[in-house]
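What follows draws every value from the coordinates through simple rules; no lab data is involved. The shown structure was predicted, so the numbers you read here are calculated from the model rather than taken from an experiment. Note: ideal-geometry Cβ built from the backbone for every residue, glycine included; neighbour counts use all protein chains shown.
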Amino acid sequence: MSEIEITKLIFGIFLSVFGIVLIFLAFLLFYKYLVQEKRCISKVKGIIKRYSFVSYGGLRLPIVYYMVDGKEYKVKGPEYKWIITKTKSTPTSKNKVDYKVKGQSLIINCEVNSIVSVYKNPFYEKYPLNSEIDVFYDPNNPKLAYVLRYCNKKFCFWIMLISGIVILIIDIMILICL
C-alpha cells in the first residue's frame with residue numbers, strides 16, 4: 001500500500017466513526033422531539049425542586065419532579081426552540097432583565113452595568129422553587145415528558161441524522177476509490 005492509500009484508509013476510518021457518532025447522538029439527544037408531541041397526552045402537576053447545572057442560552061432551566069403511578073420522575077423545562085439574548089452595557093445602566101415569550105422563542109433583553117454586571121435568572125421569579133407546573137407525559141413511558149408546552153426541535157434530529165448519513169456516504173465513496 002502506498003502512503004496515499006494508507007492516508008485515505010485512516011481518514012476513512014475517522015470519517016466513519018464521526019458519521020456513526022453523529023447518527024448515535026441524533027437518536028440519543030433529539031429523537032424524543034419526534035415522538036413527544038403525539039405520545040405525551042397525559043397531564044400531571046409537577047413541582048420545581050431545583051434548576052439545571054448547565055446553562056442553556058445563558059439560562060438555567062427548572063428541573064420539575066412529577067409522580068406517575070407512585071413513582072417519581074424528573075424533566076427539564078419548559079424548553080425553548082430559540083433563546084435570543086440582547087444585551088446593552090453602559091457604565092450607568094441598572095442591572096435588569098426583561099423577557100418575553102414569542103411562539104417557541106424566548107427573547108431576553110439585558111441592561112447591565114459595564115463595571116459590575118450581576119443579574120438574576122428571570123426564571124427564578126417566573127418559576128420559583130416549590131411551585132407547581134403542568135407536565136405532559138406518555139402514559140406508556142412516563143419518563144418521556146415535557147413541561148408546560150411542546151418544544152419543536154425536530155429539525156435538530158434531522159440535521160444530525162442527515163449529516164451523519166452524508167458523511168458515511170462520502171466515506172464509502174472515498175474507500176471505493178481507494
Principal axes first, then extents: for the Cα atoms of segment 41-149, list largest minus smallest coordinate on each axis, whole Å, largest first.
54, 25, 19
Residue-averaged 222 nm ellipticity for the chain, from DSSP H runs of 4+ at -39500 (n - 2.57), nearest 500:
-11000 deg cm²/dmol
Find how many whole Å separate the alpha carbon centroid of segment 149-178 from the alpha carbon centroid of segment 1-54.
11 Å
Exposure proxy check on I159, I108: fewest-to-most Cβ neighbours within 10 Å is I159, I108
Here is the link list: K45/K88; K94/K126; K49/K154; K8/K32; K45/K94. Which ones come out longer than 26 Å on Cα distance?
K45/K88; K49/K154; K8/K32; K45/K94
Using the 10 angstrom Cβ neighbour count as an exposure proxy, how do T7, T85 rank, fewest first?
T7, T85
Rounded tilt (10° steps) of 3-25 against the dominant C-alpha axis of the chain
30 degrees
I need S163, S2, S55 ordered by Cβ neighbour count within 10 Å, fewest first.
S2, S55, S163
